[in-house]
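Below is one structure, written out as structure tokens, with a few remarks after it.
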């Protein structure tokens with residue numbers, strides 16, 4: 001169930017609030033309708049990580065600006081991106097990768113080279129500094145080499161981690177990037193603060209996005225850069241998380257366990273492997289249930305025993321086989337992570353006009369209620385909209 005309107009609101013807000021270039025991180029949701037909606041709202045630059053992602057954008061936007069921001073790429077992918085698709089922006093985090101880019105592009109000098117730095121920044125649900133990024137001690141030499149290798153833009157980039165809950169993490173990372181540039185004795189043409197902008201999930205109510213923008217502005221003002229240095233960001237989750245929910249069917253109930261027709265190998269990767277308790281809603285043709293809520297765990301349709309989502313997912317106590325359960329806030333990575341394991345994964349996509357289950361942009365509440373751990377049952381009063389506890 002997709003909501004282009006939610007993407008439109010997010011895109012307008014970010015472009016208005018962020019004083020720089022917004023590049024959509026295609027990995028979050030590569031659906032053609034998402035790319036089309038972003039284009040309609042003025043987003044014309046895209047962060048891509050592979051040739052299929054490049055082709056997905058080119059199919060919808062032949063003239064969009066593409067930045068190949070995966071720090072480690074196959075030589076063939078670099079060459080195809082440069083010669084076949086007109087890509088000029090490439091990320092790197094080692095001198096070996098820099099040499100590979102130069103060789104694959106035939107020694108091109110019209111490159112925008114973005115040096116990915118490893119930064120120390122806490123507060124993210126997923127830390128992303130362990131796999132990519134040049135360490136502080138090696139950064140000056142790589143920055144200098146990149147500066148000498150191109151006649152166009154040289155920049156720094158980093159990633160504070162996915163679902164960052166601390167705006168100050170960006171300011172701290174920018175201070176580290178500034179120190180690396182000073183030690184290298186070079187000026188950056190671009191400062192790319194990456195992604196990590198959060199959304200709302202049960203138990204996770206981030207600060208207002210304006211606080212993130214403010215922290216970035218303060219960090220940029222304190223950096224040793226020149227007046228024409230560009231500021232970039234690569235939001236993914238913040239643009240699309242609210243856009244999609246999944247309507248599943250209960251195939252069997254066994255106590256507190258519900259067996260549904262999607263799971264860890266489908267759209268619920270994060271629910272299984274990161275154990276995120278996404279918001280849920282019971283849908284019945286005859287109307288809502290009045291039963292008290294209780295916590296359930298969900299099992300997916302495959303034969304694999306790790307296809308389980310522990311939750312707890314709070315649903316009416318009378319949920320039964322044949323009921324439908326809507327699982328919300330799956331616009332980021334839900335579609336992108338799905339497989340066809342065991343032959344499952346067939347989906348029908350339907351555009352809907354209702355709001356998301358939660359929103360950073362005023363389309364729904366800013367938080368999702370969760371029961372206290374010692375509560376056995378939570379009952380909601382429909383008449384007054386209040387929650388009361390039943391023991």
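Of note:
- Criterion violated by residue 85 - all others in (1) at pLDDT below 95; (2) under 22 Å from residue 43 (Cα atoms) satisfied: (1)
- Pairs, first assigned by TED's automatic domain parsing to the domain that holds residue 58 in the stretch 23-40, second outside any helix (DSSP H, G or I) and surrounded by fewer than 20 Cβ atoms within 10 Å (Cβ to Cβ), C-beta under 7 Å, six or more apart: 23/45; 27/49; 27/336; 28/336; 29/336; 30/336; 35/61; 39/61
- Of the residues in the stretch 151-161, none is modelled with pLDDT under 95, over 18 Å from residue 232 (Cα atoms), crowded, with 17+ Cβ neighbours inside 10 Å and assigned by TED's automatic domain parsing to the domain that holds residue 91.
- Here is the figure for the stretch 282-335: residues that are part of a loop (DSSP other than H, G, I, E, B) and closer than 15 Å to residue 249 by Cα total 12.
- Positions within the stretch 222-247 being surrounded by fewer than 24 Cβ atoms within 10 Å (Cβ to Cβ), in contact with a strand residue (DSSP E or B) (Cβ under 7 Å, 6 or more places away or on another chain) and either assigned to a loop (DSSP other than H, G, I, E, B) or free of Cβ contacts under 8 Å to residues at least 24 places away in the same chain (or both), in sequence order: 223, 225, 229
- Consider the stretch 29-82 and keep the residues that are assigned to a strand (DSSP E or B) and out of contact with any helix residue (DSSP H, G or I) (no Cβ under 9 Å at 6 or more places or on another chain). The one that is nearest to residue 118 (Cα to Cα) is 67.
- Every pair of residues 6+ apart whose Cβ atoms lie under 7 Å, when the first sits in the stretch 115-127 and is outside the structural domain of residue 157 (by TED's automatic domain parsing) while the second is assigned to a loop (DSSP other than H, G, I, E, B) and at pLDDT 85 or above: none
- Hits in the stretch 1-28 (condition: closer than 15 Å to residue 241 by Cα and assigned to a strand (DSSP E or B)): 2, 24, 25
The values are calculated or read from the model by the stated rules, or taken from the named source; none is laboratory data. Note that the structure is predicted; figures quoted are calculated from it, not measured. Using ideal geometry, Cβ is built from the backbone for each residue, glycine included, and neighbour counts are taken over all protein chains shown.
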